[in-house]
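Here is the structure we will look at.
The values are calculated or read from the model by the stated rules, or taken from the named source; none is laboratory data. Bear in mind that the values here come from a model prediction, so they are computed numbers and not experimental data. Here Cβ is always computed from backbone atoms with ideal geometry, including for glycine, and neighbour counts include all displayed protein chains. Side chains included, ligands, DNA and RNA excluded: accessible areas come from the protein's heavy atoms. Shrake-Rupley method; radii C 1.70, N 1.55, O 1.52, S 1.80 Å.
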Amino acid sequence: MPRERMRPGEWGKIKVRETGPGKFTAVTYIRDQDGKRREVERSGRSEEDARRNLLRELRSRSTPISSVALVTDKTTLSELFSAWLATKGKLKGQSATQYRRGWKRNAEEQIGALRIREFPTSRGEAHLNLITERSASAGKQLRTILVGMFGLAVRYDVIPVNPIRETETVKVRKADARAATPAEFAAIRAAIREFCDRPRRNGPKPGRLLPVVVEVLGSTGCRPNELLAARWFEVDLLADPPTLTLTGTIIDHGQAEDQDGNPLPVHRQDERKGGAPPHRLVLPKLAVAALTEMVGQSGEYGQVFANRNGGWMSLANLRRAMRDALPEELKWVTPYSFRRTVATVVTGELGLAEAQHQLSHARQSTTEQHYVERQTQGPDVRAVLDRFASGKVRD
């Protein structure tokens, strides 16, 4: 009568042999969950010790889903990170680079050699607290990475639950949005124009494109790196009303890497943040005047904001020029300050919904929580409170 075939997870007879002085090896075959039959062995100082070690391995054994052992209980956290990142096929280049840098800086040497089962919730909590004490944003990023990594381990049945999901969520307190007043916006423009018109004995004038960029940002509220990616065929100054269509974003030097880990130069990504669709903006007079000025500098072909070599303009260079141009009382201003200013102005005049559409946010809560300056002045309710204090009841 033929022997009954082992079911997935079952193993056969355990054989123990002496393989050296004071060393014994227990061997058996197990049929893993993928249906394949594999030999498994464990050693010990005695026959019973070897048998016990083998049984412990058999009872806790996990089999990868595929025949290629991508993730197993022997996988180290560094190997798991690489496997997880490989599954993120749609991840933008700069996001993958940030994850790789974050892992290398905050986890590679500290926990990378540990195996999956050697990193329980308590150890994860302790390590995340250590990183968060130095930088809350780094702790938040690492927790995101670890949740994704251990989620992959759960999907491969290496562990039953994700231990990182039970760690405390890392909260990063963001500064309150600050918008420029009309007087401050005028002072910013004047300081930048004065800085750029300053005579120089040698070399080109600094911040050549800075005045135009600031005036377009301050009158549209678009993302700075999306504005720098604009091309002339996406600008229509003669239409009624004149428009600018945003279709891409600039990735600065070093923000993304190639497959060999080499930093990529400044380049255009033909997609907006988060894969958002093209966003058409109606241009106010200030933006039209600024872009008309650019026509005289760069012509009507290619990119709107070309650097002196004809390439894409770096946002980092513009930030540096802005810091040099602004006086001390305006040092808080960054290229993104104009986005918050536009959000606050539009909300005050037209409401939050119009500000959301202007900034092209998918959710209104994003506009309200991160871009609109909070109003701290209460309404005029004197009549109600005076009536209450006097004991009168409204008819």
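A few remarks follow.
- Residue match in the stretch 38-57 (condition: under 41 Å from the mean Cα position of the chain (by Cα), modelled with pLDDT under 80 and within 28 Å of Asn162 (Cβ to Cβ)): no
- Residue match in the stretch 216-234 (condition: part of a loop (DSSP other than H, G, I, E, B), charged (D, E, K, R), within 30 Å of Arg134 (Cα to Cα) and within 20 Å of the chain's Cα centre (by Cα)): yes
- Contact map, the stretch 244-265: first residue within 10 Å of Ser314 (Cβ to Cβ) and at pLDDT 80 or above, second residue hydroxyl-bearing (Ser, Thr, Tyr) and open to solvent by less than 60 Å² (accessible area, probe 1.4 Å), Cβ cut-off under 6 Å, separation 6 or more or different chains; pairs are Asp252/Ser314.
- Of the residues screened, Arg268 is one that is under 18 Å from Glu234 (Cα atoms), surrounded by 17 or more Cβ atoms within 10 Å (Cβ to Cβ) and touching a Gly at 6+ places or on another chain (Cβ under 9 Å).
- Single residue of Val213, Val282 found to be open to solvent by 30 Å² or more (accessible area, probe 1.4 Å) and at pLDDT 90 or above: Val282
- Glu271 closer than 24 Å to Ile188 by Cβ and among the acidic types (Asp, Glu): no
- Restricted to the stretch 311-345, and to residues there that are open to solvent by 30 Å² or more (accessible area, probe 1.4 Å) and over 27 Å from His253 (Cα atoms), the residue that is nearest to the chain's Cα centre (by Cα) is Val345.
- Candidate set from the stretch 89-104 (those that are at pLDDT below 75 and over 14 Å from Ala256 (Cβ atoms)); member that is farthest from the chain's Cα centre (by Cα): Gly89
- Some residue of the stretch 370-393 being under 27 Å from Leu246 (Cβ atoms), open to solvent by 50 Å² or more (accessible area, probe 1.4 Å) and either part of a helix (DSSP H, G or I) or modelled with pLDDT of 90 or more (or both): yes
- Candidates in the stretch 354-369 are the residues that are in contact (Cβ under 8 Å) with a residue 60 or more places away in the chain and not in a helix (DSSP H, G or I); of these, the one that is surrounded by the fewest Cβ atoms within 10 Å (Cβ to Cβ) is Ala362.
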